[in-house]
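Below: the structure, in structure tokens.
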Amino acid sequence: MIIVIRRDARDEDVLPLMEHLRGRGLILQEIVGESTRMIGLAGDTSSLPEETLLSHRCVEKVTRIQEPYKLVGRKFHPEDSVVDVAGKKIGGGYFSVIAGPCSVESEEQILSIAREVKDSGAGFLRGGAFKPRTSPYAFMGLGLDGLELLKIAKQKTGLPIVTEIMSSEHLDAFAQDVDVIQIGARNMQNFTLLREVGALKKTVLLKRGMSSTLDELLMAAEYLAAAGTSQIIFCERGIRTFETATRNTLDISAVPVLKSKSHLPVVVDPSHATGYWQLVSSMSLAAVAAGADGLIIEVHNRPEAALCDGAQSITPIVFHQLMGKIAQVRAAI
Ligand code: PEP
Ligand code: MN
């Protein structure tokens, strides 16, 4: 970290600041030029907020060199992490597809979709039991009953389950029954929830907030890691832009950017990113070509009757065809 000192700063303001920084165990190197005075800081500056330094009247500017995400950053962990869920792996060369409906609707629905996506090669079953909906009058999911249906589908197919947690009141149920706990886009910066879910030490699928930067996503993952879990998967699910042709704009560059900054695996959600089933296959292939470690895709056996996100859900037949194309692209790259 480099601190630029104001030209008109007095020693009696600067010296106490330097003393304070040394007291935090940092090594200081002062550079005094004709018109500039700077202090270089070496050591762990991750818990030193820029705004605290800027509140000192003698400080003009602060430049961070070291990323504030130590646990999820690549710097201290150069190799790719492999997330392992009961033998199913994602990251470090392992690729897996998470597939299933937006929401669990009935036993017949979740079982039939689970069987079909498994037959086509999916590694995990997704399905929302607790749904974050924009309208308070929309279908909110089956709640704990939905979780029970996911458990039945897991028992019958062997597919581990991925489902979203929305409230800490369900931590115990998720700790017991869910293989991969999803933190949705709307909760990416729910810091209390991140801490509580991280402390469960389970696998977490962390979705990017719809207006969040990649640095904010990395810091959200740092919350999870600092709370105790090392099994974290990033999910790029599209961000808000001025474009209205799609539900969100898929930021495909998030894949190589996140992978350069972090050792954790990255999956892409082409369903929420685009909002239209017709765009899901091409965006899935683009994500694979960009180096994604996996995909999370909404599949419904009757999209026209889906209680949530039918327009972006592909049918099991389209999913089957897509899995064939994904294998071809993976082989090509
Ligand atoms: C979902 O996966 O069903 C979902 C609600 O996703 P997101 O949080 O990305 O909107
Ligand atoms: Mn959905």
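Before moving on, here are some points about what is shown:
- Applying both filters, DSSP loop and at most 10 other Cβ atoms within 10 Å, to the GluC sites (Glu not before Pro) of region 210-297 gives 243.
- Highest mean first, the peptides 86-98, 107-119 sorted by other C-beta atoms within 10 Å per residue fall in the order 107-119, 86-98.
- Alpha carbon centroid spacing (whole Å) that separates region 12-80 from region 219-285: 31 Å
- Translational diffusion of region 159-247, µm² s⁻¹ [Kirkwood Rh, Cα pairs; Stokes-Einstein; 25 °C; 0.890 mPa s]: 186 µm²/s
- Taken along the Cα-to-beta-carbon direction at a fixed 7 Å, the label points for residue 8 and residue 168 span 4.7 nm.
- Within the chain, helix-based [θ] at 222 nm, where runs of 4 or more DSSP H residues each add -39,500 (n - 2.57), nearest 500: -10500 deg cm²/dmol
- Cα-based shape type of region 118-273, given that a ≥ b ≥ c are square roots of the gyration tensor eigenvalues and the cut on a/c is 1.5: rounded
- A Förster radius of 22 Å combined with the Cβ-Cβ distance from residue 226 to residue 148 puts the calculated FRET efficiency at roughly 0.10.
- Region 2-63 - convex hull of alpha carbons, volume per residue in Å³: 73 Å³
- With N counted as the residues of region 17-174, its alpha-carbon radius of gyration over 2.2 N^0.38 Å works out to 1.66.
- Across the chain, the volume of the C-alpha convex hull divided among the residues equals 161 Å³ per residue.
- Helix 11-23 and the longest principal axis of the Cα set of the chain meet at an angle near 50°.
- On the chain, 52 percent of the accessible area sits on carbon and sulfur atoms, based on a 1.4 Å probe.
- Each of residue 55 and residue 29 was given a label point 7 Å from its Cα along the Cα-to-Cβ line. The distance between the two points is 2.9 nm.
- Residue separation of residue 79 and residue 133 scaled by 0.36 nm, minus their Cα-Cα distance, works out to 15.7 nm of gained length.
- Surface exposure of the chain, expressed per residue as accessible area with a 1.4 Å probe, stands at 46 Å².
- Annotation: for a label point projected 7 angstrom from Cα along Cα→Cβ of residue 240, residues of region 185-229 with backbone N closer than 12 Å are 186, 209-213.
- Each residue of region 280-294 was assigned a 3J(HN,Hα) from its phi angle through the Karplus expression (A = 6.51, B = -1.76, C = 1.60, θ = phi - 60°), giving 5, 5, 5, 6, 5, 5, 4, 5, 5, 5, 7, x, 4, 8, x Hz with x at Gly and Pro.
- Spacing of the two label points (7 Å from each Cα toward its C-beta) at residue 44 and residue 94, in nm: 2.9 nm
- The convex hull drawn around the Cα atoms of region 50-118, when projected onto a plane and averaged over every direction, covers 9.0 nm².
- Using θ = phi - 60° in the Karplus curve 6.51 cos²θ - 1.76 cosθ + 1.60, the 3J(HN,Hα) couplings for region 306-319 round to 4, 7, 7, 6, x, 5, 9, 8, 8, 7, x, 5, 5, 4 Hz; x is entered for Gly and Pro.
The values are calculated or read from the model by the stated rules, or taken from the named source; none is laboratory data. Just so it is clear, the structure is predicted and the values come from calculations on it, not from any experiment. Heads up, the Cβs are rebuilt from the backbone with ideal geometry, glycines too, and the neighbour counts pull from every protein chain shown. Quick note on the areas: whole protein, heavy atoms, side chains included, nothing else; ligands and nucleic acids left out. Shrake-Rupley method; radii C 1.70, N 1.55, O 1.52, S 1.80 Å.
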